[in-house]
1. Considering only the stretch B:131-144, I want to know if a residue exists there that is more than 11 Å from chain A (Cβ to nearest Cβ), open to solvent by 70 Å² or more (accessible area, probe 1.4 Å) and more than 16 Å from DNA strand C (Cβ to nearest atom).
2. Could you give every pair whose Cβ atoms fall below 9 Å, whose first residue belongs to the stretch A:103-118 and is in contact (Cβ under 8 Å) with a residue 40 or more places away in the chain and within 14 Å of chain B (Cβ to nearest Cβ), and whose second residue is within 7 Å of DNA strand D (Cβ to nearest atom) and open to solvent by 50 Å² or more (accessible area, probe 1.4 Å), counting only separations of at least 6 or pairs across chains?
3. For A:Pro123, state whether it is more than 25 Å from B:Ala31 (Cβ to Cβ), open to solvent by 70 Å² or more (accessible area, probe 1.4 Å) and within 12 Å of DNA strand D (Cβ to nearest atom).
4. Please count how many residues of the stretch A:147-166 are facing chain B (nearest Cβ under 7 Å) and either more than 26 Å from A:Ala83 (Cα to Cα) or open to solvent by 10 Å² or more (accessible area, probe 1.4 Å) (or both).
5. Quick one: which of A:Leu36, A:Leu25, A:Leu44, A:Leu51 is modelled with pLDDT under 95, closer than 28 Å to B:Ser164 by Cβ and surrounded by 15 or more Cβ atoms within 10 Å (Cβ to Cβ)?
6. Looking only at the stretch A:133-146, which residues are in contact with a helix residue (DSSP H, G or I) (Cβ under 7 Å, 6 or more places away or on another chain) and under 20 Å from A:Arg84 (Cα atoms)?
7. Checking the condition open to solvent by 30 Å² or more (accessible area, probe 1.4 Å), under 18 Å from the mean Cα position of the chain (by Cα) and within 16 Å of DNA strand D (Cβ to nearest atom), which residue from A:Arg114, A:Arg108, A:Arg70, A:Arg84 passes?
There are 2 protein chains.
Amino acid sequence: MYLHLYVKLEMPAKSGYTPVMPRPLPDQTIAAWAGLMRVSQDLLTRVEADLKTAGYPPLAWYDVLLELKRAGAGGLRPQELQARMLLAQYNLSRLLDRMEGQGCVARRPCPEDRRGQIVVMAPQGRQLLKRMWPVYEAAIERHFAARLRTEDAARLGRLLAKLSPR
Amino acid sequence: MYLHLYVKLEMPAKSGYTPVMPRPLPDQTIAAWAGLMRVSQDLLTRVEADLKTAGYPPLAWYDVLLELKRAGAGGLRPQELQARMLLAQYNLSRLLDRMEGQGCVARRPCPEDRRGQIVVMAPQGRQLLKRMWPVYEAAIERHFAARLRTEDAARLGRLLAKLSPR
DNA sequence: GTCTTATCTATGTACTTGCATCTATATGTC
DNA sequence: GACATATAGATGCAAGTACATAGATAAGAC
């Protein structure tokens, strides 16, 4: 369990009975972790609330629609959507059910793999994406950008990039 | 809706029919927002998975227990917990139901306010907190700290602080 | 004191998510 | 081809979360 920590000690285990005793995390690291969890949750809650107040669905819908728009006419396999959105397979399956029910996306059979399907943008989805953006943008401005100069945002982005899913 | 953006244009509206046209967010800001949402979700998922694999409950339990430990013998009112954890009132109520059911916390009547209650640490909770930490710490190390030098973590922490719930 | 309004917490109901597993198809082995 | 195994996506059921609102007490207006 601790091997990856142990390695960082950069000194050999003295003997067979030395207990595993990883170097504890620096306080600054713990504080950064806690800050990341807290701030991201807080901001997400606020932005989602703004969207809901304006009568729009959750951000996950926006993300699906944006990916589909980027994917163009060829659409996307659910698996690709799942990977890009870091969403569990069964959650995506049901999210697509709901979005399909609202006419936002369409599922089409996949010629190359008959187990699969291709998800494409539908008219309601295109419209929803376009209408949601101003509200979403204003929420990002209000809750996020208003507190961070652009250079700080850029710095934050670079730090976060180091933490990105590889 | 856009007033707060409009103000930032630092120029007067020319006439009554000038459409509201906020300055769009800089790409770097949008990228930082997207990175924040994506990275935090990814890391949270990974860390929660490590905890679950080790047989432990979700992080929210840890957070409650940590707050109760810090609060000491006097315990905390649910409202205070709610504010510190950024948790909805009804979610906390039910979280406490579950934790109480496992003997991790106890609810006691509040003498000053008979509508309220005081939540205190219970023996199982104290033990759980102690046992969870090494697993939690290792998960933070593995998924977060291992990708970020301590100085970068400190920088990240400072940037996030600017975004903190005020 | 009485009444109105606000606050603290709980809860019925609906919706969403998680887990385990299913069906169908694909791929690999012999 | 026959079989075992793997992969794509759906789904029954349990657990958790959201919304609206309830019940109890408190605080303020008069």
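The values are calculated or read from the model by the stated rules, or taken from the named source; none is laboratory data. None of these values were measured; they are calculated from a predicted model. Note: ideal-geometry Cβ built from the backbone for every residue, glycine included; neighbour counts use all protein chains shown. Only protein heavy atoms, including side chains, enter the accessible area calculation; ligands, DNA and RNA are left aside. Shrake-Rupley method; radii C 1.70, N 1.55, O 1.52, S 1.80 Å.
1. Yes - at least one qualifying residue is present in the stretch B:131-144.
2. none
3. Taking the combined requirement at face value, the residue does not satisfy it.
4. 12
5. A:Leu25
6. Hit for the stretch A:133-146 is A:Tyr136, nothing else.
7. A:Arg84
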